[in-house]
Amino acid sequence: WELAGEAAHCFRDLGQPHETLRFVEQAIDPVHTPARTRALIEMVRAAGALRSGDLEQAISIATGAVGLAGSLQSSRYLQYVADLHGLLIGKNVSHPSVRAFTELVGVSYPTLVLPKSA
């Protein structure tokens with residue numbers, strides 16, 4: 001699982017969404033993977049979905065990850081949230097789902113600085 005997670009991160013960073021999503025599927029064991037790791041991987045999955053052109057799926061996944069993470073204050077996780085938010089607002093700043101996700105992130109992580117627009 002760990003190697004699949006690393007591969008998913010690498011393919012996300014390389015901008016290869018289909019490979020990202022393929023490895024994300026292998027990266028999570030529903031029983032043994034800790035919530036922190038699942039939240040991180042779900043943010044990677046959301047980025048893959050967004051780069052595949054599925055805005056609504058990306059937001060749905062990311063919203064689930066925020067719920068899963070709860071009060072997690074990991075700097076790595078928060079960076080993933082900020083990075084995904086940046087991707088979302090890049091072309092979709094006025095989309096209602098993007099605005100709703102921005103609001104959720106603002107409430108969930110009030111100290112996280114997010115850009116207002118791309």
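No value in this document is a laboratory result; all are computed from the given coordinates. Fair warning: this is a prediction, and the values are worked out from it, not measured in the lab. Using ideal geometry, Cβ is built from the backbone for each residue, glycine included, and neighbour counts are taken over all protein chains shown.
Give the relative contact order (percent, whole number) for the stretch 2-108; include only Cα pairs under 8 Å separated by 6+ residues.
22
Would you kindly calculate the translational diffusion coefficient of the stretch 36-91, applying Stokes-Einstein with the Kirkwood radius from alpha carbon pairs, for 37 °C and a viscosity of 0.692 mPa s, and quote it in µm² s⁻¹ without decimals?
Here the translational diffusion coefficient equals 302 µm²/s.
In degrees between 0 and 90, to the nearest 10, how far off the longest principal axis of the chain does helix 2-13 point, with axes built from Cα atoms?
Computed tilt is about 40 degrees.
With n ≥ 4 as the cut-off for DSSP H runs, can you work out [θ] at 222 nm for the chain, using -39500 (n - 2.57) per run divided by the number of residues, rounded to the nearest 500?
Counting only the DSSP helices, I get -23500 deg cm²/dmol.
Using only Cα atoms and rounding to the nearest 10 degrees, what angle (0 to 90) does helix 75-92 make with the longest principal axis of the chain?
60
When the dipole is taken about the Cα centre of the chain, and only Lys, Arg (+1) and Asp, Glu (-1) are charged at their Cβ, what size is it in debye, to the nearest 20?
That gives the chain a dipole magnitude of about 320 debye.
Size of the chain along its principal axes in angstrom, Cα-based, largest extent first?
That works out to 36, 29, 19 Å along the principal axes.
If I fit a long axis through the Cα atoms of helix 55-69 and take the longest principal axis of the Cα atoms of the chain, what angle between them do I get, 0 to 90°, rounded to 10?
Value to nearest ten degrees: 80.
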